[in-house]
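Computed from the coordinates by the stated procedures, all read-outs in this text should not be read as laboratory data. Everything numeric here is computed off the predicted structure, so don't read it as measured data. Glycine also receives a Cβ, built like all others from the backbone with ideal geometry; neighbour counts cover every protein chain displayed.
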């Protein structure tokens, strides 16, 4: 590849990646505002503009999927993703830590800690908007649920947080976006800092 062709390729990837993350952030911010998550909407994914994330994003940009996936396939890991997940609590990976639960006795295990419901809500919105961003006109109300379930088997996520995420995504798939947004704003996030619980397969909000 000549210098000129490399320059054109880099310019193409730069514009494409910048457009993708800008559009995704716009979609997330808009939906966060619709449910009352104003601060999270404004701050969502700001670390993607950090050179440690942005440069790999340009290098591995493809347009139809996250460059993180491409980088992982080629290198075995993504340094940009390692930087990103440690700074954004709407990712369940942010909440993975050693457990000191009594049932594990003297052994330590990595487990998913329970996520605050406002971050579960942002995680769900993030997946919805990622689906919209990459699928375009092919997006459907069940797209984000399919996306979530496709990777669920390997997720190290707290059981209650997983239940809440699936509950919300299933609601979107079955009842549509208007109902979903109304529930998020007026039920789930009416008291943002109160807890949630799953008992006998049912969701309860404090």
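Could you check, for the stretch 182-193, whether at least one of its residues is under 25 Å from residue 97 (Cα atoms) and out of contact with any helix residue (DSSP H, G or I) (no Cβ under 7 Å at 6 or more places or on another chain)? Yes; the residues of the stretch 182-193 include at least one that is under 25 Å from residue 97 (Cα atoms) and out of contact with any helix residue (DSSP H, G or I) (no Cβ under 7 Å at 6 or more places or on another chain). Residues in the stretch 2-49 that are outside any helix (DSSP H, G or I) and more than 20 Å from residue 63 (Cα to Cα): 2, 35, 36, 37, 44. Residues of the stretch 151-160 that are in a helix (DSSP H, G or I) and either crowded, with 19+ Cβ neighbours inside 10 Å or within 14 Å of the chain's Cα centre (by Cα) (or both): 151, 152, 160.
Here residue 140 fulfils each of the conditions (1) surrounded by 15 or more Cβ atoms within 10 Å (Cβ to Cβ); (2) assigned to a loop (DSSP other than H, G, I, E, B); (3) over 13 Å from the mean Cα position of the chain (by Cα) apart from (1).
Exactly one residue out of 109, 148, 163, 134 is closer than 24 Å to residue 41 by Cβ and surrounded by fewer than 19 Cβ atoms within 10 Å (Cβ to Cβ): that is 134. Could you tell me whether any residue of the stretch 76-88 is closer than 17 Å to residue 28 by Cβ and surrounded by fewer than 17 Cβ atoms within 10 Å (Cβ to Cβ)? Looking for residues that are closer than 17 Å to residue 28 by Cβ and surrounded by fewer than 17 Cβ atoms within 10 Å (Cβ to Cβ), one finds at least one in the stretch 76-88, hence yes. When 193, 182, 200, 178 are checked against the criterion of being surrounded by 12 or more Cβ atoms within 10 Å (Cβ to Cβ) and out of contact with any strand residue (DSSP E or B) (no Cβ under 9 Å at 6 or more places or on another chain), a single residue qualifies: 182.
Counting residues in the stretch 107-126 that are under 19 Å from the mean Cα position of the chain (by Cα), part of a helix (DSSP H, G or I) and farther than 27 Å from residue 87 by Cβ gives zero.
Looking across the stretch 189-200, the residues that are over 15 Å from residue 114 (Cβ atoms) and in contact (Cβ under 8 Å) with a residue 24 or more places away in the chain come down to 189, 192.
Of the candidates 17, 24, the single residue that is more than 17 Å from residue 91 (Cβ to Cβ) and surrounded by 12 or more Cβ atoms within 10 Å (Cβ to Cβ) is 17.
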